Every structure is written in C-alpha cells, then in structure tokens.
Amino acid sequence: MMYLAKINIMPKKEILDPQGKAVKLGLGNLGLRNIEDVRIGKHITMQVQAATYEEASEEVELACQKLLANLIMESYDFEIEEVK
Amino acid sequence: MKFGITVFPGSNCDEDVFYVFQNILKQDVVKLWHKETSLQGCDFIIVPGGFSYGDYLRSGAIARFSPIMDAVVEHANRGGYVLGICNGFQILTEAGLLPGTLLRNISQKFVCKNAYIKPVSTSALMTASLDSQRCYKIPVAHADGRYYASEDTIKELQDHDQILFQYCDANGQILSESNFNGSLLSIAGVTNRQKNVFGLMPHPERACDEALENTDGRYLLEPLLSLQTV
C-alpha cells in the first residue's frame with residue numbers, strides 16, 4: 001500500500017524565531033495588525049510504501065526523529081493518508 | 001601525530017585547514033573524502049567549515065549520515081580527538097558528539113567579520129594554555145551560529161567546564177553588543193564532557209598565515225600539537 005505523509009516541523013515554543021518576528025513586522029506593515037506570534041517551520045510530504053498504516057506511521061516517526069527534525073530546537077507532527 | 005580533514009560535498013574550508021596544518025604547523029595531514037569508511041590511522045580529525053550538502057534541511061544534518069562520520073563517531077567514542085569548525089561544529093552537534101545546536105543568527109544575516117573571543121575552560125586541551133585575560137581575534141563567517149541548548153544542558157556545560165570560548169569585544173568585555181549572533185551566554189565554542197571533541201564557530205585556520213596580518217588562530221591550534229598519539 002502507498003501512504004502519503006504530511007509532516008510539520010516547527011521551532012520549539014521556547015526558541016526565539018527571528019524569521020517569524022520579521023514576517024510579523026511585514027504583516028503589520030501591510031496593515032494586518034491583528035496577527036500575533038508568527039512562527040515559521042517546514043512542511044514535508046513523502047510517500048511511504050508500507051503494508052499497514054501502523055507500519056507507515058512507524059517509518060515516518062523514525063524519519064522525523066533521526067533526520068527531519070532536530071529535537072533540541074524543533075518539534076514535529078504528521079498525518080498519514082492512504083494514496084488511492 | 002597525523003591529522004585527518006573530512007571533506008563533504010560543499011565543504012569549502014578543507015583546503016585552508018590542510019594548508020595551515022601542512023605548511024604552517026608542519027604536521028602530517030591527509031584529507032578524508034566523506035565516502036570513505038576508514039580514518040587512515042589519523043589521530044586527530046578535523047571537520048572543516050563550508051556548506052555540506054548545501055545546508056539542506058538543517059546545517060550539518062545530512063553530512064552527519066555520510067559514511068566517514070560513522071568512523072569519526074567511533075573514533076570520538078574511543079577517546080580520539082575531533083575538532084569541528086563552523087559547519088564542522090554544526091555537523092558534530094547533529095551527530096550528537098557535542099551538546100546543543102546552532103540556530104539562525106539573531107540578525108537573520110550571514111555575518112562575516114573578525115570576532116573577538118575569550119577562552120573559558122581551563123581544563124580543555126584547546127584552551128587550558130591560553131591566556132584567560134586576553135581576547136583572540138578570529139574570523140567568523142556563518143548564518144547559523146546562535147548557540148542554543150536547554151537550560152539543563154547549559155548548566156551541565158558550566159558545571160563541567162565545557163565552554164571553550166565566549167564572544168567579547170576588542171577589550172575582552174563580554175557584552176550583549178559583542179554577542180553578534182545571539183548565542184546563549186555568548187558561547188562561541190564548546191567541548192564534550194570527556195573533552196576530546198571540540199566545536200568552534202570562529203575559524204582559527206583563517207588567522208594563521210602571516211600574510212593575513214593576524215596569526216591569533218595559531219594560539220588555538222598549537223595546543224593540539226602537544227597531544228601524545230594514542
């Protein structure tokens with residue numbers, strides 16, 4: 001079975017995200033003044049060949065922990081769907 | 001003593017480090033291509049600066065999985081010496097050989113200039129013989145140099161004398177203005193608990209040749225030559 005994983009990687013809450021701060025400034029300059037706490041991360045998609053949803057999920061979990069995210073500075077979450 | 005310099009696709013300070021160790025410090029030195037799996041009997045490994053794998057994903061994240069890194073990790077775990085400079089420092093943190101990580105500079109800019117650093121650790125080979133009352137002028141060139149670690153890790157670094165250098169101004173004052181990249185505690189370099197792995201954001205190899213009119217880098221590298229081969 002083929003699964004599609006959609007992964008979000010975000011800087012941890014306690015870490016200052018200067019990129020997000022700069023973008024918030026830009027949004028303010030646009031006149032959008034109701035926006036607060038802009039944070040910028042990464043979105044990664046990948047296809048995973050696996051027998052079951054659980055197997056695909058395990059593979060993606062490992063990918064996140066070992067390479068895609070640095071757990072000192074980032075947290076991650078993901079969702080997986082079957083590709084029809 | 002035989003020095004080995006790892007070379008990844010995108011490394012660009014390997015030649016400078018090689019030149020300094022061979023021509024100025026007069027050492028036996030070889031380059032180790034990232035696809036190799038043996039350290040060729042080297043006693044001291046240097047992971048040089050650059051943009052390994054284009055800094056894709058995170059600086060150092062992909063280089064860390066190159067075949068040569070398994071040998072480097074094994075060497076370090078056996079007590080062998082390793083020095084990472086700039087991107088090399090980033091690679092060593094990604095490999096888990098050094099605590100903490102390096103975030104994007106607080107200014108969001110690539111900073112290339114002469115920085116001043118002060119030695120801190122009195123028990124690490126690299127800094128023990130340096131003068132803690134003076135500062136050393138060493139070039140920096142990086143975008144991801146903001147040292148960060150959890151509160152617990154920072155406390156451990158302090159408790160075990162693992163901070164190698166802090167950024168300071170030309171008078172040796174550690175100020176928020178001299179901490180140009182926003183590192184926690186102005187940290188410019190750290191060592192591991194066993195003190196056989198060193199990581200530096202500044203480039204000592206860029207301050208060794210007299211033609212460059214700054215040879216402060218030699219003070220940082222010369223202590224490494226006093227090592228007995230293991």
> For the residue pair A:N34 and B:Q194, what label-to-label distance in nm results when each label sits 7 Å from Cα along the Cα-to-beta-carbon direction?
Replying inline: 5.7
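For the range A:1-74, which trypsin sites (Lys or Arg not before Pro) are in a loop by DSSP, counting at most 14 other Cβ atoms within 10 Å?
Filter output for the range A:1-74: A:K13, A:R33.
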> DSSP H helices in chain B with Cα extent of 15 Å or more along the helix axis and mean Kyte-Doolittle hydropathy at least -1.0?
Replying inline: B:67-77
> Based on the Kirkwood radius over alpha-carbon pairs, what value in µm²/s does the Stokes-Einstein equation return for the translational diffusion coefficient of chain B at 4 °C and 1.567 mPa s?
Replying inline: 76
> What pairs from A:K12/A:K42; B:K2/B:K137; B:K155/B:K195; B:K31/B:K137; A:K21/B:K109; A:K21/B:K137 go past 23 Å between their alpha carbons?
Replying inline: B:K2/B:K137; B:K31/B:K137; A:K21/B:K137
>> Positive end of the dipole of chain B, charges at C-beta (+1 Lys, Arg; -1 Asp, Glu), about the Cα centre: which of B:L83, B:I154, B:V190 has its Cα farthest in that direction?
In response: B:I154
> What lysines sit close enough to A:K84 to cross-link, taking a C-alpha to C-alpha distance under 16 Å and skipping anything fewer than 8 places away on the same chain?
Replying inline: A:K6
>> Suppose the chain between A:E54 and A:E14 were pulled fully straight at 0.36 nm per residue; how much longer would it get relative to their current alpha carbon spacing?
In response: 11.3 nm
>> Please report the accessible area of B:I106 (heavy atoms, 1.4 Å probe, ligands and nucleic acids excluded) in Å², nearest 10.
In response: 70
> Which is the longest part of chain B that has none of the GluC sites (Glu not before Pro) sitting in a DSSP loop with at most 12 other Cβ atoms within 10 Å?
Replying inline: B:1-176
>> Angle check, please: helix A:53-63 long axis (alpha carbons) against the longest principal axis of chain A (alpha carbons), in degrees 0 to 90, nearest 10.
In response: 50
>> Between the range B:89-134 and the range A:56-84, how far is it from one alpha carbon centroid to the other, in angstrom?
In response: 31
>> Treating only the Cβ of Lys, Arg, Asp and Glu as charged (+1, +1, -1, -1), what charge dipole size does the protein assembly as shown show about its Cα centre? Round to the nearest 20 debye.
In response: 640
>> In chain B, once you exclude exposed trypsin sites (Lys or Arg not before Pro) (DSSP loop, at most 11 other Cβ within 10 angstrom), what's the longest stretch remaining?
In response: B:79-230
> Taking GluC sites (Glu not before Pro) that fall in a DSSP loop and have at most 11 other Cβ atoms within 10 Å as cut points, what is the longest piece of chain A between them?
Replying inline: A:37-84
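If you wrap the protein assembly as shown's Cα atoms in a convex hull and average its projection over all directions, what's the area in nm²?
The Cα convex hull of the protein assembly as shown, projected and averaged over all directions, gives 18.9 nm².
The values are calculated or read from the model by the stated rules, or taken from the named source; none is laboratory data. Since the structure is predicted, the reported quantities are computational estimates derived from the model, not experimental observations. Positions of Cβ are generated from backbone atoms using ideal geometry, with glycine treated the same way; all protein chains shown enter the neighbour counts. What goes into the accessible areas is simple: the full protein's heavy atoms, side chains included, and nothing from ligands, DNA or RNA. Shrake-Rupley method; radii C 1.70, N 1.55, O 1.52, S 1.80 Å.
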